[in-house]
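Okay, so here's the structure we're looking at.
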Amino acid sequence: AEEARKRAYFASADEVPDDLPDSFTKMNLSRQVMKGLSKLGFSQPTPIQAKTIPVGLLGKDVCGGAQTGSGKTAAFLVPILERLLYRPKNAAVTRVLILCPTRELAIQCHNVGSKLAGFTDITLCLCVGGLPLKPQEAELRQRPDVVIATPGRLIDHLRNSQAFGLDTIEILVMDEADRMLEDGFEDELTEIIKSCPQKRQTMLFSATMTDNVDKLVRLSLHKPVRVQIDPPKS
Ligand code: ADP
Ligand code: MG
């Protein structure tokens, strides 16, 4: 049964770990993040979380294929928070950038992140359209640890003000990459990726792997571990 379960989770993954963590406890997470998970009511990892969190904790690049509703948000947020806790900063710098295709998805990600980080001093900032630019700019000037943004609004900040740059980014996440490309953000994504330091960890998630997503993978990821979670057979 254990073998079958592993095969089901990792059918098309490049690296199948010997031990699939079937609980958050087995992932050696911090007490703070464990409290955040229980605040969210997450007692067991979903398949994408079981596979992605250990890889993310190692600082490796991740190329994840998983459908909506599979639990991708915590899959990338848990290793991000752990790495921020593990390597404390000595200056106020923004270290993580999370890109989402829409304002709604960015808001959802920010909500999960705020709960998950609720027992840490990690700061998160939401950078999306539909909110006035100036207060957002002021928030970015404070150098929040994590910026969760839509590509269009982030580009507005990068181009039109000196308030914010990406030169201190250590981890870049592209969530729902296929949708960001469908929505015509290819140029924005390219500009953002090129503005981040080359030495960084990048995690890219996409429900589908189109040619354009593949182009983005080759542009942004370095020796990624591929994580594929197939939708349950109906
Ligand atoms: P995705 O980004 O892949 O579409 P989400 O991260 O938005 O998925 O999660 C989908 C739903 O599953 C959300 O309602 C979330 O609260 C819930 N969820 C995620 N991880 C877990 C977990 N480990 N245990 C229980 N519920 C979870
Ligand atoms: Mg999502």
Q: Kindly provide the trypsin sites (Lys or Arg not before Pro) of the stretch 174-234 that DSSP labels as loop, not H, G, I, E or B, and whose Cβ sees at most 10 other Cβ atoms within 10 Å.
A: 199, 233
Q: Calculate the dipole size of the chain relative to its Cα centre from +1 charges on Lys and Arg beta carbons and -1 charges on Asp and Glu beta carbons; express the result in debye to the nearest 20.
A: 720
Q | Too-long pairs where the Cα-Cα distance tops 29 Å, listed order kept, from 26/194; 115/223; 26/60; 26/215; 39/223 | A | 26/194; 115/223; 26/215; 39/223
Q.
Mean-square fluctuation check for the chain, GNM, Cα pairs under 10 Å: which of 99, 189, 133 is largest?
A. 133
(Q) With the crude spin-label approximation of a point 7 Å out along Cα→Cβ, what separation in nm comes out for residue 22 versus residue 186? (A) 4.5
Q: Take the Cα atoms of the stretch 94-155, find their three principal axes, and give me the spread along each one in whole Å, biggest first.
A: 30, 23, 17
(Q) I need the P(r) histogram for the stretch 171-234: all alpha carbon pairs, bin width 5 Å from 0 out to the longest distance, whole percents. (A) 4, 16, 30, 25, 15, 6, 3, 1, 0
**Q.** Spherically averaged projected area in nm², based on the convex hull that wraps the Cα atoms of the chain
**A.** 12.7
Q) For the stretch 124-234, what is the convex hull volume of the alpha-carbon atoms per residue, in Å³? A) 128
Q | Whole-number D in µm² s⁻¹ for the stretch 83-130, Kirkwood Cα-pair radius fed into Stokes-Einstein, 4 °C, 1.567 mPa s | A | 108
Q: Using per-residue counts of other Cβ atoms within 10 Å, averaged over each peptide, order 56-66, 82-92 from highest down.
A: 56-66, 82-92
Q: Relative to the longest principal axis of the C-alpha atoms of the chain, give the angle of the C-alpha long axis of helix 211-220, reported between 0 and 90° and rounded to the nearest 10°.
A: 70
(Q) Once you place label points 7 Å from the Cα toward the Cβ at residue 58 and residue 199, how far apart are they in nm? (A) 2.1
Q: For residue 218 and residue 68, compute 0.36 nm times the residue count separating them, minus their Cα-Cα distance, and round to one decimal in nm.
A: 51.7 nm
Q) Roughly how many percent of the accessible protein surface of the chain is carbon and sulfur, given a 1.4 Å probe and a whole-percent answer? A) 49
Q. Taking only DSSP H segments of four or more residues, each worth -39500 (n - 2.57), what value at 222 nm results for the chain once the sum is divided by all its residues, to the nearest 500 deg cm²/dmol?
A. -13000 deg cm²/dmol
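The values are calculated or read from the model by the stated rules, or taken from the named source; none is laboratory data. Quick caveat: nothing in here was measured; it's all calculated off a predicted structure. Don't worry about glycine lacking a Cβ; one is built from the backbone with ideal geometry, like all the others, and counts go over all protein chains shown. Side chains are part of the model used for accessible areas, which takes the heavy atoms of the whole protein and leaves out ligands, DNA and RNA. Shrake-Rupley method; radii C 1.70, N 1.55, O 1.52, S 1.80 Å.
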